[in-house]
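Taking it in order: structure first as C-alpha coordinates, then the write-up.
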Amino acid sequence: MADNQKMWGELGMNLEMHDQLCAVLPGAIGDVFMSQENRPECMDYFDMVLADVHGLRPAELVEFRKNGGKVFGTFCAYVPDEVIVAADAIATGLCAGSQFWVPGGERYLPANTCPLIKAMLGARFDRTCPFYRLADVYIGENTCDGKKKAYEILGTDVPMHIMDLPQMKRPKDYLKWADEIKDLKDLVEKETGNEVTAEKLAEGIKTINAKRAALQRLYDERKNLNVPISGTDTLLISQIAYYDDPKRFAAMVNKLCDELDKRVAEGVNVAEGKKRILITGTPMAIPNWKMHNLVETSGGVVVCEETCTGTRYFENQVDESGKTVDEMIQHIADRYMGINCACFTPNTGRFDDVVRLAKEFKADGVIDVNLMFCQTYDIEGRSLEERCKAEGIPFLGLETDYTDNDAQQLKTRIGAFIEMLG
Ligand code: BJ8
(Lines give C-alpha, C1' and ligand atoms only; values in the text may rest on other atoms or scores of the structure.)
Protein backbone atom coordinates (compact mmCIF):
# COMPACT_ATOMS: atom_id res chain seq x y z
CA MET A 1 0.00 0.00 0.00
CA ALA A 2 2.86 2.37 0.86
CA ASP A 3 4.36 1.57 -2.53
CA ASN A 4 1.01 2.20 -4.13
CA GLN A 5 0.80 5.63 -2.49
CA LYS A 6 4.22 6.49 -3.86
CA MET A 7 3.24 5.28 -7.33
CA TRP A 8 -0.06 7.19 -7.27
CA GLY A 9 1.77 10.32 -6.14
CA GLU A 10 4.26 10.00 -8.97
CA LEU A 11 1.36 9.58 -11.39
CA GLY A 12 0.06 12.98 -10.31
CA MET A 13 -3.09 11.59 -8.74
CA ASN A 14 -5.23 13.45 -6.23
CA LEU A 15 -4.25 11.28 -3.26
CA GLU A 16 -6.69 12.69 -0.77
CA MET A 17 -9.66 12.15 -3.01
CA HIS A 18 -8.39 8.78 -4.18
CA ASP A 19 -8.16 7.63 -0.55
CA GLN A 20 -11.91 8.17 -0.27
CA LEU A 21 -12.45 5.83 -3.20
CA CYS A 22 -10.09 3.21 -1.77
CA ALA A 23 -11.89 3.37 1.57
CA VAL A 24 -15.21 2.14 0.15
CA LEU A 25 -13.87 -0.67 -2.03
CA PRO A 26 -13.21 -3.33 0.64
CA GLY A 27 -16.76 -2.97 1.97
CA ALA A 28 -18.23 -3.27 -1.50
CA ILE A 29 -16.12 -6.35 -2.26
CA GLY A 30 -17.21 -7.94 1.01
CA ASP A 31 -20.89 -7.22 0.41
CA VAL A 32 -20.99 -8.30 -3.21
CA PHE A 33 -18.41 -11.08 -3.56
CA MET A 34 -17.38 -12.52 -0.21
CA SER A 35 -20.99 -12.90 0.93
CA GLN A 36 -21.56 -15.50 -1.82
CA GLU A 37 -21.40 -19.14 -0.79
CA ASN A 38 -19.48 -21.97 -2.40
CA ARG A 39 -17.34 -19.90 -4.77
CA PRO A 40 -14.77 -21.66 -6.98
CA GLU A 41 -11.29 -21.63 -5.43
CA CYS A 42 -9.78 -20.26 -8.62
CA MET A 43 -11.68 -16.99 -8.07
CA ASP A 44 -8.72 -16.22 -5.78
CA TYR A 45 -6.77 -14.75 -8.66
CA PHE A 46 -9.60 -12.44 -9.73
CA ASP A 47 -10.32 -11.46 -6.12
CA MET A 48 -6.68 -10.52 -5.72
CA VAL A 49 -6.70 -8.42 -8.89
CA LEU A 50 -9.85 -6.68 -7.67
CA ALA A 51 -8.63 -6.11 -4.11
CA ASP A 52 -5.61 -4.23 -5.48
CA VAL A 53 -7.28 -2.93 -8.62
CA HIS A 54 -5.39 0.38 -8.59
CA GLY A 55 -2.11 -1.19 -7.50
CA LEU A 56 -1.20 -4.47 -9.18
CA ARG A 57 -1.82 -3.86 -12.86
CA PRO A 58 -0.91 -0.15 -12.75
CA ALA A 59 2.48 -1.13 -11.23
CA GLU A 60 3.04 -3.41 -14.23
CA LEU A 61 2.12 -0.59 -16.60
CA VAL A 62 4.49 1.78 -14.80
CA GLU A 63 7.32 -0.73 -15.21
CA PHE A 64 6.42 -1.30 -18.85
CA ARG A 65 6.50 2.42 -19.59
CA LYS A 66 9.83 2.85 -17.77
CA ASN A 67 11.25 0.44 -20.31
CA GLY A 68 9.90 2.51 -23.18
CA GLY A 69 6.56 0.69 -23.63
CA LYS A 70 3.40 2.53 -24.70
CA VAL A 71 -0.07 2.11 -23.23
CA PHE A 72 -3.25 2.75 -25.19
CA GLY A 73 -6.51 3.39 -23.35
CA THR A 74 -9.74 2.20 -24.98
CA PHE A 75 -13.45 2.64 -24.31
CA CYS A 76 -15.30 0.29 -26.61
CA ALA A 77 -15.57 -3.38 -27.58
CA TYR A 78 -15.06 -2.42 -31.26
CA VAL A 79 -11.46 -1.28 -30.77
CA PRO A 80 -9.24 -4.22 -31.73
CA ASP A 81 -6.55 -5.02 -29.16
CA GLU A 82 -4.86 -7.28 -31.74
CA VAL A 83 -3.26 -4.32 -33.50
CA ILE A 84 -2.00 -2.75 -30.28
CA VAL A 85 -0.56 -6.02 -28.99
CA ALA A 86 1.12 -6.57 -32.38
CA ALA A 87 3.14 -3.38 -31.83
CA ASP A 88 4.33 -4.73 -28.45
CA ALA A 89 2.14 -2.15 -26.72
CA ILE A 90 -0.52 -2.61 -24.04
CA ALA A 91 -4.23 -1.94 -24.44
CA THR A 92 -6.18 -1.11 -21.31
CA GLY A 93 -9.90 -0.52 -20.98
CA LEU A 94 -10.85 2.82 -19.45
CA CYS A 95 -14.62 2.50 -19.06
CA ALA A 96 -15.64 3.69 -15.63
CA GLY A 97 -18.39 2.12 -13.55
CA SER A 98 -18.40 4.03 -10.25
CA GLN A 99 -20.72 6.76 -9.01
CA PHE A 100 -17.65 8.18 -7.28
CA TRP A 101 -16.52 9.67 -10.61
CA VAL A 102 -19.90 10.98 -11.77
CA PRO A 103 -19.93 14.39 -9.97
CA GLY A 104 -16.49 15.12 -11.48
CA GLY A 105 -17.90 14.38 -14.94
CA GLU A 106 -20.90 16.60 -14.32
CA ARG A 107 -18.57 19.59 -14.11
CA TYR A 108 -17.96 19.11 -17.83
CA LEU A 109 -21.13 17.45 -19.11
CA PRO A 110 -24.88 17.99 -18.82
CA ALA A 111 -26.35 16.07 -15.88
CA ASN A 112 -28.60 14.18 -18.29
CA THR A 113 -25.64 12.33 -19.82
CA CYS A 114 -25.14 8.58 -19.37
CA PRO A 115 -23.28 7.84 -16.11
CA LEU A 116 -20.63 5.80 -17.91
CA ILE A 117 -19.59 8.87 -19.88
CA LYS A 118 -19.73 11.18 -16.88
CA ALA A 119 -17.61 8.73 -14.88
CA MET A 120 -15.04 8.63 -17.70
CA LEU A 121 -14.51 12.36 -17.51
CA GLY A 122 -14.59 12.40 -13.72
CA ALA A 123 -11.94 9.67 -13.52
CA ARG A 124 -9.66 11.68 -15.81
CA PHE A 125 -10.17 15.19 -14.54
CA ASP A 126 -10.40 14.32 -10.81
CA ARG A 127 -7.11 12.39 -11.22
CA THR A 128 -8.40 9.47 -9.18
CA CYS A 129 -7.76 6.54 -11.53
CA PRO A 130 -4.21 5.35 -12.25
CA PHE A 131 -5.21 3.77 -15.56
CA TYR A 132 -6.32 7.17 -16.85
CA ARG A 133 -2.91 8.56 -15.84
CA LEU A 134 -0.98 5.69 -17.42
CA ALA A 135 -2.48 5.56 -20.90
CA ASP A 136 -0.21 7.48 -23.29
CA VAL A 137 -2.89 7.82 -25.94
CA TYR A 138 -6.66 7.33 -25.67
CA ILE A 139 -8.43 5.58 -28.52
CA GLY A 140 -12.00 6.83 -28.82
CA GLU A 141 -14.62 5.83 -31.35
CA ASN A 142 -17.64 7.37 -33.00
CA THR A 143 -20.41 5.35 -31.38
CA CYS A 144 -23.05 7.20 -29.37
CA ASP A 145 -23.30 10.99 -29.41
CA GLY A 146 -22.40 11.32 -25.73
CA LYS A 147 -19.10 9.49 -26.09
CA LYS A 148 -18.27 11.28 -29.31
CA LYS A 149 -18.61 14.71 -27.72
CA ALA A 150 -16.99 13.65 -24.43
CA TYR A 151 -13.88 12.59 -26.36
CA GLU A 152 -13.51 16.17 -27.57
CA ILE A 153 -13.31 17.26 -23.93
CA LEU A 154 -10.89 14.47 -22.98
CA GLY A 155 -8.81 15.47 -26.00
CA THR A 156 -8.08 18.83 -24.36
CA ASP A 157 -6.13 16.97 -21.66
CA VAL A 158 -4.66 13.89 -23.30
CA PRO A 159 -3.65 12.75 -26.82
CA MET A 160 -6.76 11.27 -28.40
CA HIS A 161 -7.25 9.26 -31.57
CA ILE A 162 -10.79 8.73 -32.82
CA MET A 163 -11.83 5.74 -34.90
CA ASP A 164 -14.77 6.48 -37.17
CA LEU A 165 -16.99 3.45 -36.62
CA PRO A 166 -19.57 2.94 -39.37
CA GLN A 167 -23.14 2.80 -38.09
CA MET A 168 -24.48 0.41 -40.72
CA LYS A 169 -23.36 -3.03 -41.83
CA ARG A 170 -23.23 -2.87 -45.61
CA PRO A 171 -20.27 -4.38 -47.50
CA LYS A 172 -18.70 -0.92 -47.85
CA ASP A 173 -18.91 -0.43 -44.08
CA TYR A 174 -16.76 -3.51 -43.50
CA LEU A 175 -14.16 -2.04 -45.85
CA LYS A 176 -14.42 1.31 -44.11
CA TRP A 177 -13.78 -0.26 -40.68
CA ALA A 178 -10.74 -2.06 -42.07
CA ASP A 179 -9.49 1.32 -43.27
CA GLU A 180 -9.94 2.78 -39.79
CA ILE A 181 -8.04 -0.18 -38.33
CA LYS A 182 -5.21 0.56 -40.77
CA ASP A 183 -5.08 4.10 -39.38
CA LEU A 184 -4.92 2.64 -35.87
CA LYS A 185 -2.03 0.44 -36.98
CA ASP A 186 -0.21 3.51 -38.37
CA LEU A 187 -0.80 5.34 -35.10
CA VAL A 188 0.50 2.57 -32.85
CA GLU A 189 3.52 2.12 -35.13
CA LYS A 190 4.28 5.83 -34.91
CA GLU A 191 3.80 5.97 -31.13
CA THR A 192 5.77 2.81 -30.34
CA GLY A 193 8.36 2.91 -33.11
CA ASN A 194 7.56 -0.76 -33.71
CA GLU A 195 6.43 -2.07 -37.07
CA VAL A 196 3.31 -4.21 -37.17
CA THR A 197 4.57 -6.93 -39.48
CA ALA A 198 2.44 -9.80 -40.79
CA GLU A 199 4.18 -12.08 -38.32
CA LYS A 200 3.51 -9.80 -35.35
CA LEU A 201 -0.10 -9.24 -36.34
CA ALA A 202 -0.69 -12.99 -36.76
CA GLU A 203 0.70 -13.43 -33.25
CA GLY A 204 -1.53 -10.63 -31.90
CA ILE A 205 -4.59 -12.24 -33.49
CA LYS A 206 -3.74 -15.60 -31.90
CA THR A 207 -3.24 -14.01 -28.47
CA ILE A 208 -6.58 -12.22 -28.49
CA ASN A 209 -8.39 -15.20 -30.03
CA ALA A 210 -7.05 -17.35 -27.16
CA LYS A 211 -8.40 -14.85 -24.65
CA ARG A 212 -11.80 -14.91 -26.35
CA ALA A 213 -11.76 -18.72 -26.45
CA ALA A 214 -11.14 -18.83 -22.69
CA LEU A 215 -14.11 -16.53 -22.06
CA GLN A 216 -16.30 -18.61 -24.38
CA ARG A 217 -15.30 -21.68 -22.40
CA LEU A 218 -16.22 -19.93 -19.16
CA TYR A 219 -19.62 -18.96 -20.53
CA ASP A 220 -20.21 -22.50 -21.84
CA GLU A 221 -19.85 -23.75 -18.25
CA ARG A 222 -22.87 -21.66 -17.31
CA LYS A 223 -25.08 -23.47 -19.81
CA ASN A 224 -25.18 -26.42 -17.42
CA LEU A 225 -28.35 -26.88 -15.40
CA ASN A 226 -26.11 -27.09 -12.35
CA VAL A 227 -24.55 -23.63 -12.45
CA PRO A 228 -20.92 -23.92 -11.29
CA ILE A 229 -20.23 -20.18 -10.93
CA SER A 230 -22.36 -17.14 -10.13
CA GLY A 231 -23.11 -14.41 -12.62
CA THR A 232 -21.57 -11.86 -10.24
CA ASP A 233 -18.23 -13.70 -10.28
CA THR A 234 -18.38 -14.08 -14.05
CA LEU A 235 -19.11 -10.38 -14.49
CA LEU A 236 -16.00 -9.54 -12.49
CA ILE A 237 -13.93 -11.76 -14.80
CA SER A 238 -15.40 -10.07 -17.89
CA GLN A 239 -14.55 -6.66 -16.43
CA ILE A 240 -10.97 -7.70 -15.64
CA ALA A 241 -10.65 -8.98 -19.23
CA TYR A 242 -10.47 -5.39 -20.41
CA TYR A 243 -7.27 -4.54 -18.59
CA ASP A 244 -5.37 -7.65 -17.52
CA ASP A 245 -2.45 -9.05 -19.48
CA PRO A 246 -4.23 -11.09 -22.19
CA LYS A 247 -2.03 -14.22 -21.97
CA ARG A 248 -2.07 -14.42 -18.19
CA PHE A 249 -5.78 -13.69 -18.15
CA ALA A 250 -6.55 -16.52 -20.60
CA ALA A 251 -4.42 -18.91 -18.54
CA MET A 252 -6.24 -17.98 -15.32
CA VAL A 253 -9.67 -18.30 -16.93
CA ASN A 254 -8.75 -21.72 -18.34
CA LYS A 255 -7.50 -22.80 -14.92
CA LEU A 256 -10.80 -21.71 -13.42
CA CYS A 257 -12.66 -23.62 -16.16
CA ASP A 258 -10.73 -26.80 -15.26
CA GLU A 259 -12.12 -26.40 -11.76
CA LEU A 260 -15.59 -25.66 -13.12
CA ASP A 261 -15.45 -28.85 -15.24
CA LYS A 262 -14.95 -30.78 -12.02
CA ARG A 263 -17.73 -28.92 -10.25
CA VAL A 264 -20.09 -29.70 -13.10
CA ALA A 265 -19.10 -33.38 -13.02
CA GLU A 266 -19.73 -33.42 -9.26
CA GLY A 267 -23.09 -31.69 -9.64
CA VAL A 268 -22.09 -28.54 -7.73
CA ASN A 269 -24.75 -25.89 -8.15
CA VAL A 270 -24.36 -22.38 -6.77
CA ALA A 271 -27.93 -21.55 -7.74
CA GLU A 272 -30.11 -24.34 -6.40
CA GLY A 273 -33.76 -23.51 -7.10
CA LYS A 274 -32.96 -20.12 -8.61
CA LYS A 275 -34.37 -18.77 -11.86
CA ARG A 276 -31.95 -18.46 -14.75
CA ILE A 277 -31.68 -14.90 -16.04
CA LEU A 278 -30.07 -13.53 -19.18
CA ILE A 279 -29.04 -9.89 -18.85
CA THR A 280 -28.80 -7.74 -21.95
CA GLY A 281 -28.16 -4.04 -22.45
CA THR A 282 -25.46 -1.49 -21.80
CA PRO A 283 -22.01 -2.48 -20.50
CA MET A 284 -21.27 -2.85 -16.79
CA ALA A 285 -17.86 -1.32 -16.24
CA ILE A 286 -15.93 -2.13 -13.08
CA PRO A 287 -17.03 -1.68 -10.25
CA ASN A 288 -20.66 -1.74 -11.42
CA TRP A 289 -22.05 -5.01 -10.01
CA LYS A 290 -25.36 -3.50 -9.00
CA MET A 291 -27.77 -5.44 -11.20
CA HIS A 292 -26.10 -8.83 -10.79
CA ASN A 293 -26.07 -8.39 -7.05
CA LEU A 294 -29.77 -7.46 -7.05
CA VAL A 295 -30.78 -10.40 -9.27
CA GLU A 296 -28.68 -12.91 -7.38
CA THR A 297 -30.03 -11.84 -4.00
CA SER A 298 -33.62 -11.92 -5.26
CA GLY A 299 -34.01 -15.57 -6.24
CA GLY A 300 -32.26 -15.42 -9.61
CA VAL A 301 -28.92 -16.41 -11.07
CA VAL A 302 -27.44 -14.60 -14.06
CA VAL A 303 -26.37 -17.26 -16.56
CA CYS A 304 -25.41 -15.00 -19.47
CA GLU A 305 -24.77 -11.36 -20.35
CA GLU A 306 -25.51 -10.16 -23.87
CA THR A 307 -23.48 -6.99 -23.29
CA CYS A 308 -20.04 -5.60 -24.02
CA THR A 309 -18.98 -6.96 -20.63
CA GLY A 310 -20.30 -10.30 -21.83
CA THR A 311 -20.82 -12.14 -25.12
CA ARG A 312 -20.32 -9.12 -27.38
CA TYR A 313 -16.74 -8.96 -26.16
CA PHE A 314 -15.69 -12.49 -27.03
CA GLU A 315 -18.14 -14.22 -29.39
CA ASN A 316 -16.71 -14.98 -32.85
CA GLN A 317 -13.03 -15.20 -33.59
CA VAL A 318 -10.77 -13.42 -36.04
CA ASP A 319 -10.10 -15.69 -39.02
CA GLU A 320 -6.44 -16.74 -38.65
CA SER A 321 -5.90 -17.61 -42.32
CA GLY A 322 -4.74 -14.13 -43.43
CA LYS A 323 -1.26 -13.99 -44.94
CA THR A 324 -0.67 -10.29 -45.49
CA VAL A 325 -1.20 -7.41 -43.07
CA ASP A 326 -4.06 -6.13 -45.27
CA GLU A 327 -5.81 -9.51 -45.27
CA MET A 328 -5.44 -9.80 -41.51
CA ILE A 329 -6.80 -6.31 -40.97
CA GLN A 330 -9.86 -7.15 -43.08
CA HIS A 331 -10.39 -10.30 -41.02
CA ILE A 332 -10.10 -8.25 -37.83
CA ALA A 333 -12.62 -5.74 -39.21
CA ASP A 334 -15.01 -8.56 -40.18
CA ARG A 335 -14.94 -10.02 -36.67
CA TYR A 336 -15.49 -6.71 -34.91
CA MET A 337 -18.26 -5.64 -37.27
CA GLY A 338 -20.09 -8.75 -36.05
CA ILE A 339 -20.66 -7.04 -32.67
CA ASN A 340 -24.25 -5.86 -32.37
CA CYS A 341 -24.30 -2.46 -30.65
CA ALA A 342 -27.38 -0.24 -30.51
CA CYS A 343 -25.34 2.54 -32.14
CA PHE A 344 -25.91 0.66 -35.43
CA THR A 345 -28.99 0.76 -37.60
CA PRO A 346 -30.65 -1.59 -38.06
CA ASN A 347 -29.48 -3.70 -35.14
CA THR A 348 -31.79 -6.68 -35.35
CA GLY A 349 -28.75 -8.97 -35.06
CA ARG A 350 -28.81 -8.16 -31.35
CA PHE A 351 -32.39 -9.42 -31.06
CA ASP A 352 -31.37 -12.64 -32.81
CA ASP A 353 -28.45 -12.96 -30.38
CA VAL A 354 -30.64 -12.45 -27.31
CA VAL A 355 -33.13 -15.08 -28.48
CA ARG A 356 -30.36 -17.52 -29.43
CA LEU A 357 -28.49 -17.01 -26.15
CA ALA A 358 -31.66 -17.29 -24.07
CA LYS A 359 -32.18 -20.72 -25.62
CA GLU A 360 -28.53 -21.81 -25.39
CA PHE A 361 -28.30 -20.80 -21.74
CA LYS A 362 -31.79 -22.11 -20.92
CA ALA A 363 -32.78 -18.73 -19.50
CA ASP A 364 -36.13 -18.49 -17.73
CA GLY A 365 -36.29 -14.79 -18.47
CA VAL A 366 -34.46 -11.80 -19.98
CA ILE A 367 -33.73 -8.56 -18.14
CA ASP A 368 -32.79 -5.63 -20.36
CA VAL A 369 -30.74 -3.23 -18.23
CA ASN A 370 -29.89 0.16 -19.61
CA LEU A 371 -27.97 3.04 -18.18
CA MET A 372 -30.02 6.16 -17.73
CA PHE A 373 -29.83 8.59 -20.67
CA CYS A 374 -28.52 5.96 -23.06
CA GLN A 375 -30.92 6.74 -25.88
CA THR A 376 -29.89 4.10 -28.39
CA TYR A 377 -30.33 1.14 -26.03
CA ASP A 378 -33.41 2.68 -24.47
CA ILE A 379 -35.16 3.09 -27.81
CA GLU A 380 -34.08 -0.36 -28.99
CA GLY A 381 -35.45 -1.92 -25.78
CA ARG A 382 -39.01 -1.62 -27.03
CA SER A 383 -38.38 -3.68 -30.18
CA LEU A 384 -36.32 -6.17 -28.20
CA GLU A 385 -39.21 -6.64 -25.79
CA GLU A 386 -41.62 -7.26 -28.69
CA ARG A 387 -39.25 -9.82 -30.18
CA CYS A 388 -38.76 -11.64 -26.87
CA LYS A 389 -42.50 -11.69 -26.24
CA ALA A 390 -43.10 -13.08 -29.74
CA GLU A 391 -40.64 -15.85 -28.90
CA GLY A 392 -42.39 -16.56 -25.59
CA ILE A 393 -39.43 -15.31 -23.51
CA PRO A 394 -40.45 -13.43 -20.34
CA PHE A 395 -38.92 -9.94 -20.44
CA LEU A 396 -38.28 -7.13 -17.98
CA GLY A 397 -36.86 -3.76 -19.02
CA LEU A 398 -35.04 -1.68 -16.41
CA GLU A 399 -33.23 1.63 -16.40
CA THR A 400 -30.73 2.59 -13.75
CA ASP A 401 -27.63 4.62 -12.93
CA TYR A 402 -24.61 4.15 -10.69
CA THR A 403 -26.27 5.32 -7.47
CA ASP A 404 -28.01 3.08 -4.96
CA ASN A 405 -31.03 5.37 -4.78
CA ASP A 406 -33.22 3.03 -6.80
CA ALA A 407 -31.87 -0.26 -5.38
CA GLN A 408 -34.90 -1.02 -3.25
CA GLN A 409 -37.34 -0.24 -6.01
CA LEU A 410 -35.35 -2.36 -8.49
CA LYS A 411 -35.19 -5.23 -6.03
CA THR A 412 -38.97 -5.18 -5.72
CA ARG A 413 -39.44 -5.24 -9.49
CA ILE A 414 -36.82 -7.95 -10.02
CA GLY A 415 -38.28 -10.02 -7.18
CA ALA A 416 -41.78 -9.75 -8.70
CA PHE A 417 -40.44 -10.72 -12.15
CA ILE A 418 -38.62 -13.76 -10.78
CA GLU A 419 -41.69 -14.81 -8.83
CA MET A 420 -43.75 -14.55 -11.99
CA LEU A 421 -41.34 -16.98 -13.69
CA GLY A 422 -42.87 -19.62 -11.44
S1 BJ8 B 1 -20.00 -1.49 -28.59
S2 BJ8 B 1 -22.31 -0.67 -26.04
S3 BJ8 B 1 -18.79 -0.43 -25.55
S4 BJ8 B 1 -20.50 1.87 -27.73
S5 BJ8 B 1 -21.63 5.33 -23.43
S6 BJ8 B 1 -23.78 3.66 -25.79
S7 BJ8 B 1 -24.24 3.22 -22.31
S8 BJ8 B 1 -24.94 6.38 -23.80
S9 BJ8 B 1 -20.99 2.01 -23.93
FE10 BJ8 B 1 -20.69 0.83 -25.75
FE11 BJ8 B 1 -18.97 0.22 -27.69
FE12 BJ8 B 1 -21.61 -0.04 -28.07
FE13 BJ8 B 1 -20.36 -1.67 -26.44
FE14 BJ8 B 1 -25.14 4.14 -24.11
FE15 BJ8 B 1 -23.58 5.33 -22.38
FE16 BJ8 B 1 -23.18 5.66 -24.98
FE17 BJ8 B 1 -22.63 3.38 -23.89
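The values are calculated or read from the model by the stated rules, or taken from the named source; none is laboratory data. Please read all numbers here as calculations on a predicted model, not as lab measurements. Note that we place each Cβ from the backbone using ideal geometry, even for glycine, and neighbour counts take in every protein chain shown.
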So which residues in the stretch 239-267 are within 15 Å of MET284 (Cβ to Cβ) and touching a Pro at 6+ places or on another chain (Cβ under 9 Å)?
GLN239
Failed condition for LYS262, given (1) more than 16 Å from the ligand (Cβ to nearest atom); (2) in contact with a helix residue (DSSP H, G or I) (Cβ under 9 Å, 6 or more places away or on another chain):
(2)
I need a count of the residues in the stretch 292-306 that are surrounded by fewer than 21 Cβ atoms within 10 Å (Cβ to Cβ) and within 13 Å of the ligand (Cβ to nearest atom).
0
Name the residue, out of LYS206, LYS255, LYS247, LYS223, that is touching a residue at least 24 places away in the same chain (Cβ under 8 Å), under 21 Å from MET34 (Cα atoms) and surrounded by fewer than 18 Cβ atoms within 10 Å (Cβ to Cβ).
LYS255
Please indicate, with yes or no, whether at least one residue in the stretch 193-207 is under 21 Å from the mean Cα position of the chain (by Cα) and within 16 Å of the ligand (Cβ to nearest atom).
no
From (1) more than 11 Å from the ligand (Cβ to nearest atom); (2) within 30 Å of ASN316 (Cβ to Cβ); (3) surrounded by fewer than 21 Cβ atoms within 10 Å (Cβ to Cβ), pick out the condition that doesn't hold for VAL85.
(3)
Helices (runs of 4 or more DSSP H) enclosed by the stretch 316-399 - at least 2 residues per element that are within 19 Å of CYS114 (Cα to Cα) and within 16 Å of the ligand (Cβ to nearest atom)
375-390
Just for the stretch 101-150: of the residues that are under 17 Å from VAL79 (Cβ atoms) and in a loop (DSSP other than H, G, I, E, B), which one is farthest from the ligand (Cβ to nearest atom)?
ASP136
Any residue that is among the aromatic types (Phe, Trp, Tyr), closer than 21 Å to HIS18 by Cα and in contact with a Pro (Cβ under 8 Å, 6 or more places away or on another chain) - is there at least one of those in the stretch 98-109?
no
With the structure loaded, tell me whether GLU419 is of a type in the set (Asp, Glu), over 17 Å from MET284 (Cβ atoms) and at pLDDT 95 or above or whether it fails that test.
yes
Taking the criterion of being among the charged types (D, E, K, R), outside any loop (DSSP other than H, G, I, E, B), away from the ligand (no atom under 16 Å from the Cβ) and surrounded by fewer than 22 Cβ atoms within 10 Å (Cβ to Cβ), would at least one residue in the stretch 271-280 satisfy it?
yes
Does CYS95 fit the bill of being at pLDDT below 95, closer than 21 Å to LEU187 by Cβ, in a loop (DSSP other than H, G, I, E, B) and touching a Ser or Thr at 6+ places or on another chain (Cβ under 9 Å)?
yes
